[in-house]
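Visitor: Below: one structure in structure tokens.
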There are 2 protein chains.
Amino acid sequence: MATLRSLYKTDDRFELNSNFNVDYVIHYQIPPEESAKAEAAFVQLIEALTRVGLATEVRRGAGSSVLVFVKIASENLLKQQIYRYRVQDWLYGVRTSAPSKDLNTYFEDEPVVEAERLRLVYLLITKPKAEGGAGVTPRLGQWKWVSSVFPLHNHAFNRQWLKQWSQKYFLDENDINDIRDKFGEKVAFYFAFLQSYFQFLFFPAAFGFGAWLILGQFSTLYAIVNCLWCVSFFEYWKKKEVDLAVQWGVRGVSKIQHPRTEFEFERETRDPVTGELVKVFSPLKRLQRQLLQVPFAIACLLVLGTLIVSCFSIEIFISEVYNGPFKQYLVFLPTILLTIFMPTLTTILTNLAEKLTAHENYETQDSHQAAFVQKIFVINFIVSYFPIFLTAFVYVPFAKVLVPYLDVFQVTAQHFTTNGKLETKAFQMDPDRLKKQIIYFTVTAQVVNFLVEGIVPIVKRKVFKAVKEAHTEITQKNVHEEHKDPEEEAAFLARVRNEAELDEYDVTTDYREMVVQFGYLSLFSVIWPLTACSFLVNNWIEARADAMKIAISSKRPIPWRSDSIGPWLTSLGFLSWLGSLTSAAIVFIFSNDPYGPDGHPSNIKLWALLLSILFSEHLYLTVQFIVRYVIGTLDSPGLQKERAERFAMRKFHLEETLGEDFAESAAEANFTGGEKITKEALEEEARRASVSGQAVGPEQAFWQRQRGAAETIQIGRGLIADAVAENKTKV
Amino acid sequence: MATLRSLYKTDDRFELNSNFNVDYVIHYQIPPEESAKAEAAFVQLIEALTRVGLATEVRRGAGSSVLVFVKIASENLLKQQIYRYRVQDWLYGVRTSAPSKDLNTYFEDEPVVEAERLRLVYLLITKPKAEGGAGVTPRLGQWKWVSSVFPLHNHAFNRQWLKQWSQKYFLDENDINDIRDKFGEKVAFYFAFLQSYFQFLFFPAAFGFGAWLILGQFSTLYAIVNCLWCVSFFEYWKKKEVDLAVQWGVRGVSKIQHPRTEFEFERETRDPVTGELVKVFSPLKRLQRQLLQVPFAIACLLVLGTLIVSCFSIEIFISEVYNGPFKQYLVFLPTILLTIFMPTLTTILTNLAEKLTAHENYETQDSHQAAFVQKIFVINFIVSYFPIFLTAFVYVPFAKVLVPYLDVFQVTAQHFTTNGKLETKAFQMDPDRLKKQIIYFTVTAQVVNFLVEGIVPIVKRKVFKAVKEAHTEITQKNVHEEHKDPEEEAAFLARVRNEAELDEYDVTTDYREMVVQFGYLSLFSVIWPLTACSFLVNNWIEARADAMKIAISSKRPIPWRSDSIGPWLTSLGFLSWLGSLTSAAIVFIFSNDPYGPDGHPSNIKLWALLLSILFSEHLYLTVQFIVRYVIGTLDSPGLQKERAERFAMRKFHLEETLGEDFAESAAEANFTGGEKITKEALEEEARRASVSGQAVGPEQAFWQRQRGAAETIQIGRGLIADAVAENKTKV
């Protein structure tokens, strides 16, 4: 791997600054046991690529693999492709104006940006043959030896990017726009979201700090302000998202769907509209399959819930009941159990979620992704919040009732003690446990997570790389002379081989992290008002760490477009709403001493608890309604841009049809009307009718009684005089 | 007035079948005390109309008024206007394709329908001068003597319409489409809604009948099914509405806003985008004014609530406590009080709502209308549902606690009795009161309402007309000979004079009625499951009565467009949601005997009540989510139409740019790509580079190592062989 140092200290090495005009690299694995088949498929691969107009070069890869370098063969083909996709955008309403039909001047006016070029070449490589692509789908069917198709990093940009970001406190619009130009809107939306969230966090951080000093835990005021903030942020982001989409010219791209290659159709029918053959899968059948989500969610809850409850009980038993030997070691037992089992179970369930989503058999990538996100949200919800729910709503109110049941551990443990008698102490509920837990999840876990996500892969790869390099050194000797890397390419090829080994960047992981974090804030921050302060610090680092992750430890992502943060928006809304329920419940339960004299939670009046939840929820919904309305009335740069485009269009179109001068005023005055010479026109018409000598019907006669406005006025005055006279005679 | 008989028995009279090519009639009043001013304004009126290209004729009106007949002077102007509005539609995304620039052939392909013509002429008359209209705003400022601007009924159509509808059970799409062509989409949407609602009612009517027979009152099953039905209907209509809008080509017209003439701006600024002067009113200031809605709602609740509670108490006292003389008459006292005060108070509050809405000072007619609807919904909500809430949640559970306080009436009444002693009986709660009340609201009130709405105006006008005709007979004698109606026009003018006296049709009233009705069904039908049966019958008549109201007892409405039922949709959603709360509460309270042994409602466990409400509401929200998703997956004619249009556009556009054959396949195959002769192109490029003799940089060199696909394949095979060999040596 090009290490951070090698890449980002020496700026001037050619092989790091140039991509040799390569659009994509296809990493092709050759499994020794199937080399003949792989070779045949390789030939097909090159043929397929050539057929759609791509130029190819092949070079040796790391281990037993080859690297196929791909670029679009002629600029003309590129232009044609881009033109077509822009027409499509226009038809779907993504662009306001149709692309000009003169291709040559058109591309001078609206040049192709890097992300657009890369996106289209990727589509050309991966689209099915029937739709004009080469149909190369990595790791699938005939292409199972294609391990990845990836663009090359623009290291000059990356270097600049990381340097800039590490030196500034706030990211601005240009920073996000740069990301958009290089990595596409999908990634840019993540950073825009992160940035908006970061800025919004200043308020709860400051207010939370104040509340921590003055109000303490479980403050009703803090809960209300926090809920208000959640609503505001959520609604703000919904508007901001649309605005960004307009500014980036991608509003509505989510309507243009990329078909999923893995989609299995039941039958083909002719579309009544277009006459094309369309692949159909019964939506009812899919609905049935989607119902499997219910048992899936229950399974998640049971599996993960059991683990969490068990560890929780053990922990309580050891820390608050048990008083025997090895206590100082045994307290780590639940943590160890969790660390072992939780990732395992999560992985198993995530795989299950993937299978389930595949089974639901969506036509498009977006709907597949959304369905998958829904499922992993369930898993994450349980893993992240269930322990706190357990403490807040079971342990604290019912501890004294439930702890005696922990005797089961005592009995078990007695088998292992020599004297058959376990040393215990009287159970004492730890009133700070809830706060400690929140601090663990919002501070410790975030730090741990940062380390796992940011540092571990780098270390891991360093080790792997050392091993691999030693290996490659040896193999290099066996390569035929003609296949050795040419000197001027050697460094570049080494870099590409490294990039081929990197992980693919998945923006979903990063979104998930942020959404889960937002959940802690909305659901539980009333327990520890400093939560937002911790997140503020964390997210400043997070943005830089994510940038580094993309630039250094991932393959360059395919620059997909997107007009929203997609399915995560629903999750955010859900957490924000749920916050109104949990906050109310927590404040109600904890702000007074919940225990009656006998230690039972009799002081908690169920009806009052329910009433406060009900009240809080509906207050939340009302506030949401108002905030939505208020935000809806505000203007924004995106809306202004849209208006400007529409105005330009209107002027242009009217100019073409009705002449320039006229159009100017018409466009301004919102479609003025009026023919100047109407009186003459009218009289002319009348004259024509009388000249033609036709019998004048009652209808024509009706309109010819008063010739022009002057006569109408004259007669009208007569009628008015009549009416007045009439009135006088009556008086 | 042209009575039903005169209009609809004799089909062949010319003056009833022809509108003399009149587009609009302006009814101009001449108040005797200001006749000079009115005369001057009349001259301005004719001049203003002529200036924008309208032809005018003036005739004597009824009483001291004149009728100005208006038609568009030249077909050319009409075409220009229509062209411009269609361009606007296209720019706002209402039309998929831009109007063709060749005006002559264009109008042959897409002819002008009656509603479109009338709408544009109306806009020409009423739009501000700055925007190219005549700026005539009835009853406002300089035009205060213009009492109305209305199109003439198409009686031939009306006759046919009423005849057809009275003879069929179900309205179909064509019936609605006819209304759309004549009265515009706004009215058509009402009838489409009514029709969908009517069809949907069959299910709750049948199920309700079954429930009434088998399950009885307060059935949990009925409540659940009813809620499900409400959700389904609401979500169905939301989809249907979009679908209709697409089919009618009006999807998105709500974005094209008509400015409100009464809008008062704070300042004018230049729009940064278009450079036009725009009138600005601070949205924050408006928000402050909108906050007045809260005291308004409270005032409504207090005023109407006090009246309702008073009458309610009196009624209970008289019917269930009082046992003295005149009881048989006194029972009518509350009804009389309600009949007198309720309409008065409602009118006052509606006027207040109108003033408040005007004070909120909206820029556009739509937002003004929506804000007004919101306020009258509050009034209607209280008037319609408060009495039932009172019975269900106050009277029944707390009667025994509260009735003793009714002593106040006893004390009052004792003053009026001679012997100073009031005959009373022991209070006995009427367990059927709730059911009786529901039956009153859902049957009796609907019938009464039908009479008030349908029959009374006809009778009223007949009486007025008799009086007026006698009067007109006399005045006719004083009219100058030249101003007397020409014989061939006399009948037509009489008809127009009658139409000028009719009320304006307001679709809001009809919507309100239906929405309130839907509310009874969603909120309270669990009390009396036959509710839907009653509504089914009522709505069959309602549709015909409304048609008659439009055709016979109203001026022809201006054919406005619309893409939705607008603000009523929100009200429907609100009622549907609230139904989940009230149904749960009613079922919970009434399905068991709510009284403890002492008569106090101690049997009602508050926590259980709240829990059942909370549960029911969230079940509702979940079901809504699912139904929305399921309905979202279904295809519909509107969506198909949209797809077809997009496909046609795509094909057309690609044809123009890329040639016909190519476009055919491209449009079908979703933008296929591929240049056939890429290998040659590539080699050509390489040759050119070497011929030009330039120094070949490493980038060019990289792409010239393998000339064409064949060489790439050959080298690739070599590399693969290497890799395999390597592996073998290792083994």
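Throughout, read-outs are computed from the coordinates displayed, never taken from laboratory work. Worth saying up front: this structure is predicted, and the values here are computed from it rather than measured. For neighbour counting, all protein chains shown are included, and Cβ atoms are generated from backbone atoms with ideal geometry for every residue, glycine included.
Visitor: Kindly state, to the nearest 0.05, the FRET efficiency for residue B:319 paired with residue B:509, given R0 = 45 Å and r defined as their beta-carbon distance.
Guide: That pair, residue B:319 with residue B:509, gives E of 0.85.
Visitor: Compute the FRET efficiency between residue A:101 and residue B:288 as 1/(1 + (r/R0)^6), taking r as their Cβ-Cβ distance and R0 = 51 Å, and round to the nearest 0.05.
Guide: 0.50
Visitor: Here's a follow-up. With unit charges on the beta carbon (Lys/Arg positive, Asp/Glu negative), name the residue among B:269, A:87, A:584 whose Cα is farthest towards the positive pole of the charge dipole of the protein assembly as shown.
Guide: Value computed over the given set: A:584.
Visitor: Go ahead and estimate [θ] at 222 nm for the protein assembly as shown from helices alone: -39,500 (n - 2.57) per DSSP H run with n ≥ 4, summed, over the residue count, rounded to 500.
Guide: Details: 59 runs with 942 residues, N = 1462.
-21500 deg cm²/dmol, from helical runs alone.
Visitor: Still on this structure, please answer the following. Restricting to Cα atoms and excluding each atom paired with itself, what does the Kirkwood estimate give for region A:114-158 in Å?
Guide: Values: mean 1/r = 0.0862 Å⁻¹.
Evaluated on region A:114-158, it is 11.6 Å.
Visitor: Evaluate E = 1/(1 + (r/R0)^6) for residue B:269 and residue A:213, where r is the Cβ-Cβ distance and R0 equals 45 Å; express this FRET efficiency to the nearest 0.05.
Guide: Taking R0 as 45 Å, the efficiency between residue B:269 and residue A:213 is 0.50.
Visitor: Please identify every one of the GluC sites (Glu not before Pro) in region B:503-580 that sits in a loop by DSSP and has no more than 16 other beta carbons within 10 Å of its own beta carbon.
Guide: Those satisfying the criteria are B:504.
Visitor: List the lysines whose alpha-carbon lies under 25 Å from that of residue B:728, not counting same-chain residues fewer than 8 positions away?
Guide: Leaving aside lysines fewer than 8 places away in the same chain, those within reach of residue B:728 are A:37, A:144, A:465, A:468, A:477, A:484.
Visitor: Continuing with the same structure: May I ask which of A:375/A:462; A:186/A:651; B:238/B:641 have a Cα-Cα span longer than 23 Å here?
Guide: A:375/A:462; A:186/A:651
Visitor: For residue A:407, place a label point 7 Å out from Cα along the Cα→Cβ vector, do the same in each other copy, and report the separations in nm, one decimal, smallest first.
Guide: 5.9
Visitor: Let me ask you something else. Rg/Rh for region A:34-142: what does it come to with C-alpha atoms and Rh from Kirkwood?
Guide: 1.06
Visitor: Moving to a separate point now. Where the label is 7 Å out from Cα toward Cβ, how close does residue A:319 come to the same position in every other copy, in nm, shortest first?
Guide: Inter-copy label distances (nm, one decimal, shortest first): 6.4.
Visitor: Under the rule that an exposed site lies in a DSSP loop and has at most 16 other Cβ atoms within 10 Å, name the longest stretch of chain B with no trypsin sites (Lys or Arg not before Pro) of that kind, not counting the sites themselves.
Guide: Formally, the longest exposed-site-free interval is B:169-420.
Visitor: With θ set to phi - 60°, apply the Karplus curve 6.51 cos²θ - 1.76 cosθ + 1.60 along region A:333-341 and write out the HN-Hα couplings as whole Hz, x wherever there is a Gly or Pro.
Guide: Values, residue by residue: 3, x, 4, 5, 4, 4, 5, 7, 7 Hz.
Visitor: Count charges around residue B:507 for me, please; just the other residues with Cβ under 12 Å from its Cβ, Lys/Arg as +1, Asp/Glu as -1.
Guide: Once positives and negatives cancel, what remains is -3.
Visitor: Still on this structure, please answer the following. Percent of Cα-Cα pairs per 10 Å bin, from 0 to the last occupied bin, for chain A, please list those.
Guide: Spelled out per bin, shortest first, that is 2, 10, 17, 20, 17, 12, 8, 5, 4, 2, 1, 0, 0, 0.
Visitor: When the C-alpha atoms of region A:510-600 are aligned to their principal axes, what extent does each axis show, in angstrom, from largest down?
Guide: In descending order, the Cα extents are 64, 25, 18 Å.
Visitor: Something else now. If we hang a label 7 Å off Cα along the beta carbon direction at residue B:364, how far is it from the matching labels on the other copies, in nm, shortest first?
Guide: When each copy's label point is compared with this one, the spacings are 2.6 nm.
Visitor: Between the alpha-carbon centers of region A:622-656 and region B:485-504, tell me the distance in whole angstrom.
Guide: So the two Cα centres are separated by 46 Å.
Visitor: Hey, another quick one. Distance between the C-alpha centers of region B:551-593 and region B:264-317? Whole Å please.
Guide: Taking the Cα centre of each part, region B:551-593 and region B:264-317 sit 21 Å apart.
Visitor: Here's something else I'd like to know. For residue A:265, which sequence-distant residues (separation of 5 or more, or a different chain) have an amide H within less than 5 Å of its own amide H, given hydrogens modelled in the peptide plane?
Guide: Here nothing satisfies the definition.
Visitor: A further question follows. Out of region B:321-369, which chymotrypsin sites (Phe, Trp or Tyr not before Pro) are coil in DSSP terms and have no more than 14 other C-beta atoms within 10 Å?
Guide: B:326, B:332
Visitor: Apply the Karplus parameterisation 6.51 cos²θ - 1.76 cosθ + 1.60, with θ equal to phi minus 60°, to every residue of region A:702-707 and state each ³J(HN,Hα) to the nearest whole Hz, in sequence, with x for glycine and proline.
Guide: 4, 7, 10, 5, 10, 8
Visitor: Here's another thing I want to ask about it. Can you give the percent of C-alpha pairs in the protein assembly as shown whose distance is more than 69 Å? Intermediate values should be presented prior to the final figure.
Guide: On the way: 225247 of 1067991 pairs.
So the pairs more than 69 Å apart make up 21 percent of the total in the protein assembly as shown.
Visitor: Here is a follow-up. Show the residues, 5+ positions off or on another chain, whose built amide H is closer than 5 Å to the amide H of residue A:58.
Guide: Counting only residues 5 or more places away or on other chains, the set is A:69.
Visitor: Using alpha carbons only, how many degrees (0 to 90, rounded to 10) separate the axis of helix B:567-591 from the longest principal axis of chain B?
Guide: 60 degrees
Visitor: Another question about this same structure. For the residue pair residue A:604 and residue A:710, what label-to-label distance in nm results when each label sits 7 Å from Cα along the Cα-to-beta-carbon direction?
Guide: 9.2 nm
Visitor: Other chains' Cβ within 10 Å of A:80-86 residues: what's the mean?
Guide: 4
Visitor: Quick one: angle between helix B:185-214 and the longest Cα principal axis of chain B, in degrees between 0 and 90, rounded to 10, please.
Guide: Relative to chain B, helix B:185-214 is tipped by roughly 60 degrees.
Visitor: Here's another thing I want to ask about it. Shielding by partners for B:705-711, please: the mean number of other protein chain Cβ atoms within 10 Å of each residue's Cβ.
Guide: Working: counts 5, 7, 0, 4, 10, 3, 4.
Across the residues of B:705-711, the mean count of other-chain Cβ atoms within 10 Å is 5.
Visitor: If we count other beta carbons within 10 Å of each Cβ, what is the order of A:631, B:388, fewest first? Mind dumping the intermediate values first?
Guide: Details: A:631 15, B:388 20.
Ranking A:631, B:388 by Cβ neighbours within 10 Å, fewest first, gives A:631, B:388.
Visitor: Taking chain B as the reference, fit the longest principal axis to its C-alpha atoms, fit the long axis of helix B:487-501 to the helix C-alpha atoms, and give the angle between the two in degrees, 0 to 90, nearest 10.
Guide: Between helix and principal axis, roughly 80 degrees.
Visitor: Starting from the Cα of residue B:220, step 7 Å along the direction of its Cβ; do the same at residue B:622; then give the gap between the two resulting points in nm.
Guide: 1.5 nm
Visitor: While we're looking at this one, here's another question. With only alpha-carbon atoms counted, please give the Rg and Dmax of region A:304-385, in Å.
Guide: Looking at region A:304-385, its Cα Rg and Dmax stand at 17.8, 60 Å.
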